[in-house]
Amino acid sequence: MRKLSRLQFLAGLAAVTAFAVPGSSSIAAEKLKVAVLVPGLANDGAFNQAALEGAKKLADEGLITFEIREKQRDPASSEPVIRQYAQRGYDLIIGHGIELSEPILNVAKDFPKVHFAASGGPDLAGKLTANTDGWTYDFAQYGYLSGWVAGKLGVSKVGSVGGPQLPFILAAHKGFKGGLQGTDPSATVIEVYTGSFDDVQKAAEATKGLIAQGAQLVWTSGDGIGNGVAAAAEQAGIHTLGVTGSAGGLAQKVNIVSVELNMYPTFRAYVDAVKDGSFGKKFFVSGLANRGLVLTPINDIDKRVPADLQKQVDALVGELASGAKTLPDFYGPAK
Amino acid sequence: MVRRWAAALAVIGLAGVGGAGAVPSIDIAAAATSWLPQFVLTGTKTEPTYIEHIRLERNGDVFVLQGGAPAGMTPSRVSVALHADGTLSYLNCPTEMRCHGATPPSGFLASAAILAAIRERQLSGRFPLIAYGGLQLVCIPAEQLGIHDAVLDPCIEAQSGAVIAQRHRRSGEFDGPSLDPWSITLSTSPVQLTSSTQSSSM
């Protein structure tokens, strides 16, 4: 897994050296007892389900047994639940979602022999302790992969629709442009932000405007507004990237691919670290190189997608993982 | 509070009375008289990579929407005011948003647009109640709010008038900006809103 920075990696390494995890040798040969807490419903086909699927895969591999607790979005009610799992002898307790970050960190202080994993933004890295690891994902790389795919589709002008200009959305859009330029430097992006995260009509109008300006493909960074993008694209007979859910059945007709979370690599790293005694103070960032961000199944609507696209993605992942390729900083000021 | 619920229940009736397939319905204008003038509604919407926390406030004729970001990150904030003549204006206009002369808001802030349409007598009649988790919703055809080429219809929670879900025109399913029904909380305590001087007429 890619660490947030070299400094944090070294800090984590020092922490592992300084704090041996009691009981790790006896854990090594056994299935870990894992509790996964999610803010919503585990079958949502989105963020919560990514945690369920990550845990299921580990269970299928015989590495863990697990219990999942849903609807844990309120820290006042989730903290006692976390505490209960710690008292019941669970080896690893994962709070999947920023909502669970503070409760996880609070309870972890009282149970130094139990391993805890929290989610959060980059600031979480500085809060991790000898028995807590942390996780976030790279918003910019979420956009980068979409742009990288757009550059493989043979279009000269790509539209980009965002909602409000919040920092993480801006980073995703910078990533998108970086990905597109990385694969097709001759392609241009025309971009619009609607200012709203929930107004589908504004997104539809914005998409129509981009199509009128010559966009041959439209990417959207916003899930809430994706319905508007899909509807306008369908009317104009063009395709999209980034529309999630069914969009009233339109996603199947217009959307080629989206990017989604894959929690397995992070959960696997937690489990391996518990087993080998290296757990604690490590911060994992889901991105492309560690396959924490992956493409959804490709919907090759008009046979425009290169047959070997997934192989090309795998090659990109390999280059990033080996360090042969690096990505620019998408979080800096706009150029 | 009890009176409000009783009044709200009084406007719920059965459309097609006597038919075996009678569908419960609501008189939208009558229901609006019992909607809460002040509330804070919170809920979540699940995105592929995070949970979005949404907060909709009503304080009299001012509606404020916050959301669009994971917990702990700076959210987007938009507010609109409903005037006595039924017109709406944005109290703050986010960067890049077209506020002046725009079509009415079609997301959660359609709560204000629906009330405006009722006050202007452009929206009336009975609408079927639709179950959404343990809640009862009324979905309003977006054209009746002045929205053309609608993709989704906003759906209000019948007791409060707050838009909490959207129904897709094509599939008839709840989609897009719709709160997870189990996550919704409604507080009727008076709210303190941050005033803003910037106003843009729609």
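FYI, it's all coordinate maths here, none of it is from the lab. Quick caveat: nothing in here was measured; it's all calculated off a predicted structure. Cβ coordinates were reconstructed from backbone atoms using ideal geometry, including for glycine residues, and neighbour counts include every protein chain displayed.
Structure data summary
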item	result
In order through region A:75-84: 3J(HN,Hα) via Karplus (6.51 cos²θ - 1.76 cosθ + 1.60), integer Hz, x for Gly, Pro	x, 5, 9, 7, 4, x, 5, 4, 4, 4
Mean residue ellipticity (222 nm) of chain A, computed from DSSP H runs ≥ 4 via -39,500 (n - 2.57), nearest 500	-13000 deg cm²/dmol
Length-normalised contact order of chain A in % [C-alpha pairs under 8 Å, at least 6 apart]	20
Under the Karplus curve 6.51 cos²θ - 1.76 cosθ + 1.60, θ = phi - 60°, whole-Hz ³J(HN,Hα) for region B:57-65, x wherever Gly or Pro sits	10, 10, 10, x, 9, 10, 10, 10, 10
Per-residue ³J(HN,Hα) for region A:173-186, Karplus 6.51 cos²θ - 1.76 cosθ + 1.60, θ = phi - 60°, Hz, x for Gly and Pro	5, 5, x, 4, 5, x, x, 5, 5, x, 9, 9, x, 7
Charged-residue dipole, Cβ positions (Lys, Arg, Asp, Glu), the protein assembly as shown about Cα centre, Debye nearest 20	560
Burial order of peptide ranges B:74-86, A:198-210 (average beta-carbon count within 10 Å, highest first)	A:198-210, B:74-86
Given A:282/B:45; A:152/A:325; A:56/A:109; A:33/A:113; A:56/A:311, the pairs whose alpha carbons are separated by over 24 Å	A:282/B:45; A:56/A:109; A:56/A:311
As computed over region A:56-149, the Cα convex hull volume per residue (Å³)	130
10 Å Cβ neighbours from other chains, averaged over peptide B:175-182	6
Long-range amide H partners of residue A:159 with built H, under 5 Å	A:190, A:216, A:217, A:218, A:219
DSSP-defined antiparallel bridges as percent of all bridges, chain A, nearest 5	10
Mean Cα-pair separation over length for region B:2-194, i.e. relative contact order, pairs under 8 Å, 6 or more apart, %	22
Magnitude of the charge dipole, region A:168-304, Cβ model with Lys/Arg +1 and Asp/Glu -1, debye to 20	400
Percentage of interatomic Cα-Cα distances in region A:220-335 larger than 19 Å	61
Other-chain or far-sequence residues with amide H under 5 Å of residue B:25's (modelled H)	B:13, B:14, B:15, B:129
Average beta carbon contacts from partner chains per residue of B:152-159, 10 Å cutoff	1
Kirkwood Rh, Cα atoms: Rg over Rh of region B:2-194	0.95
Tail beyond 41 Å, pair distance distribution of the protein assembly as shown (Cα, percent)	26
